[in-house]
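Have a look at the structure below before the remarks.
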Amino acid sequence: MNEAKLIQRARRLEGQALAEIYDAHNEAIYRYALRLLGDESLAEDCVSETFARFLKVLSKGKGPREHLQAYLFRIAHNWITDFYRRPAPETRPIDDELGLAGDDDPARAAFENMQSRRTRAALAALTPDQRAVITLKYLEGWRNAEIAAILDKPIGAIKSLQHRALAALKRILLDEDNEQ
């Protein structure tokens, strides 16, 4: 079934259409949120809130007429941006975060965990739009036109955001290496 018909059915709040949309997009939104938030529980909250907001918009007779995936990712992006604007949560002890169970090489797992945290911290230092562009482009494999639709910006702005974000990441990571 084509996307336009699926959107029409969803706008009529047909349960089967809503289930198809959820099944088709929830995993990608989860991966996107997990990469930006770094926490499985928060990523699940983001997915849940994304579809709750989508359903709320549909129940008001509004919502997308095309580009469903971009529309859903825009909702998730906005939720993540709002999350980062909130005050910082309490920190947890490092033992809760390592999660090394089941790995045959604890040293390698610890190194990978440190690299993941380092990368996540560098991404967190970017602006929300830069973080979204890098995540969608390099971790999700999206094209600039798709990213532009999600962020509601021209393609030229996406390219500029990408360029500045990569330069900032390089600077952050190199500065960190020089400090060590």
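Here are a few things to note about the model shown:
- Gained length - residue 12 relative to residue 143, 0.36 nm times residue gap less alpha-carbon distance: 44.1 nm
- Cα-Cα over 26 Å, subset of 5/56; 62/159; 5/60; 5/62; 56/137; 60/159: 62/159; 56/137; 60/159
- Among 163, 25, 77, 67, the ranking by other beta carbons within 10 Å of each residue's beta carbon, starting with the fewest, stands as 163, 67, 25, 77.
- Computed about the Cα centre, the dipole magnitude for the chain is approximately 1320 debye when only Lys and Arg (+1) and Asp and Glu (-1) carry charge, each at its Cβ.
- Neighbour counts of other Cβ atoms within 10 Å put 135, 119 in the fewest-to-most order 119, 135.
- Low-density loop cleavage sites - GluC sites (Glu not before Pro) in the range 2-79, where at most 13 other Cβ are within 10 Å (DSSP): 14, 66
- A convex hull fitted to the Cα coordinates of the range 106-180 yields 82 cubic angstrom per residue.
- At 1.306 mPa s and 10 °C, Stokes diffusion of the range 1-90 via Kirkwood alpha-carbon radius, µm² per second: 118
- The smallest convex shape that holds all Cα atoms of the chain, its convex hull, gives 148 Å³ per residue.
- Relative contact order for the chain, counting Cα pairs under 8 Å that sit 6 or more residues apart, in percent: 21
Read-outs: derived from the displayed coordinates by stated rules, not from any lab. Keep in mind it's a predicted model, so treat the numbers as computed, not measured. In this analysis, Cβ positions are derived from the backbone assuming ideal geometry, glycine residues included, and neighbour counts consider all displayed protein chains.
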